[in-house]
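Structure, as structure tokens:
The values are calculated or read from the model by the stated rules, or taken from the named source; none is laboratory data. What you see is a predicted model; the values in this text were computed from it and never measured. Counting neighbours? That spans all protein chains shown, and the Cβs are built from the backbone with ideal geometry, glycine included. These accessible areas exclude ligands, DNA and RNA; they are computed on the full protein's heavy atoms, side chains included. Shrake-Rupley method; radii C 1.70, N 1.55, O 1.52, S 1.80 Å.
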Amino acid sequence: MCGYAMAPGAASVSTLFYTTVGTTLCISSANAINQWIEIPYDAQMLRTRNRLLGRQQLSPFHAFSFGTLTGAAGVTMLSTMVNPLTATLGAANIFLYTCVYTPMKRASIANTWVGAVVGAIPPMMGWAAMTNGLEPGAWVLGGILYAWQFPHFNSLAWNLRADYSKAGYRMMAVTNPALNGRVSLRYALAMVPLSLSIPYLNLTSWWFALDSTAANGALAYYAYRFYKDR
């Protein structure tokens, strides 16, 4: 919704509705297939062992079927009711999450960068739904979501590092704690210029520069403390 609301153009309630529902279906698909793939690993982690699949309250067949059907429905809805570009982004997100990010979690710490791309795409889908293009504003919104995920996820992963290690996940917090802190700080600092580019592109007033700098300053401060404590 954020990308759709901030993109230039005449808003349509029906387009917003189909974009929201279609995107939700794509996200549901990616999440369901991810959990289907990770059943044996989720069972080993305190954070995820109570999921329905882990407790055998839902069969793997039903989970996979749900993921397949919602993915097909979401991409079809976006393609027919919004535009092909938004549908392509939705399909790409399902593929990246299930076929790249999920298996990479047990192979390389690069999984976090791929996962950040997955998180960055939804606001770009909203923008594309409005303009049928990916103008600079779309990339800035995506960039903000991309950068934000590192201080967010790396701090979460640090608190759950024992769980991740037990399940065999290759996370920075497990394999390289110093890098985990540095990356968090690096992307927290990147939030400042990315946020300042929003009013520069005339997507908001310059009051946003003041508000965002205060919030990003706090983020950078705590990211620095997180980096130093590692």
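So that you can scan it fast, the table gives a plain yes or no per residue for (1) part of a helix (DSSP H, G or I); (2) buried (at least 19 other Cβ atoms within 10 Å of the Cβ); (3) touching a Pro at 6+ places or on another chain (Cβ under 7 Å):
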residue: PRO122; (1), (2), (3): yes, yes, no
residue: ALA128; (1), (2), (3): yes, yes, no
residue: ALA147; (1), (2), (3): yes, yes, no
residue: ALA173; (1), (2), (3): yes, yes, no
residue: LEU196; (1), (2), (3): yes, no, no
residue: THR204; (1), (2), (3): no, no, no
residue: ALA209; (1), (2), (3): yes, no, yes
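Quick check on my filter: what residues within region 48-64 are closer than 23 Å to ASN93 by Cβ, part of a loop (DSSP other than H, G, I, E, B) and not aliphatic (A, V, I, L, M)?
THR48, ARG51
I'd like to check something: does region 157-170 contain any residue that is open to solvent by 40 Å² or more (accessible area, probe 1.4 Å) and not in a helix (DSSP H, G or I)?
Scanning region 157-170, I find at least one residue that is open to solvent by 40 Å² or more (accessible area, probe 1.4 Å) and not in a helix (DSSP H, G or I), so the answer is yes.
Which of the numbered conditions does GLU135 fail, given that it passes all the others? Conditions: (1) under 18 Å from PRO8 (Cα atoms); (2) crowded, with 18+ Cβ neighbours inside 10 Å.
Checking GLU135 against (1) under 18 Å from PRO8 (Cα atoms); (2) crowded, with 18+ Cβ neighbours inside 10 Å, the one that fails is (2).
Given the conditions (1) open to solvent by less than 30 Å² (accessible area, probe 1.4 Å); (2) more than 20 Å from ALA5 (Cα to Cα), report the number of the one that ASN31 does not fulfil.
Every listed condition holds for ASN31 apart from (1).
Can you pull out every residue in region 1-49 that is more than 28 Å from PHE61 (Cα to Cα) and among the small types (Gly, Ala, Ser)?
Of everything in region 1-49, those that are more than 28 Å from PHE61 (Cα to Cα) and among the small types (Gly, Ala, Ser) turn out to be GLY3, ALA5, ALA7, GLY9, ALA10, ALA11, SER12, SER14.
Report, ordered by the first and then the second residue, all pairs with beta carbons closer than 8 Å, sequence separation of six or more or different chains, a first member in region 29-45 that is within 14 Å of LYS105 (Cα to Cα) and assigned to a helix (DSSP H, G or I), and a second member that is of a type in the set (D, E, K, R) and open to solvent by 60 Å² or more (accessible area, probe 1.4 Å).
Going by the 8 Å Cβ cut-off, the qualifying pairs are GLN35/ARG51; TYR41/ARG106; ASP42/ARG49; ASP42/ARG51.
Give region 80-100 a look and list any residue that's of a type outside the set (Gly, Ala, Ser) and surrounded by fewer than 23 Cβ atoms within 10 Å (Cβ to Cβ), or say none.
THR80, MET81, ASN83, PRO84, LEU85, THR88, PHE95, LEU96, THR98, CYS99, VAL100
Quick one: count up the residues across region 65-87 that are over 21 Å from the mean Cα position of the chain (by Cα) and either at pLDDT below 95 or of a type in the set (Val, Ile, Thr) (or both).
Selection size over region 65-87: 3.
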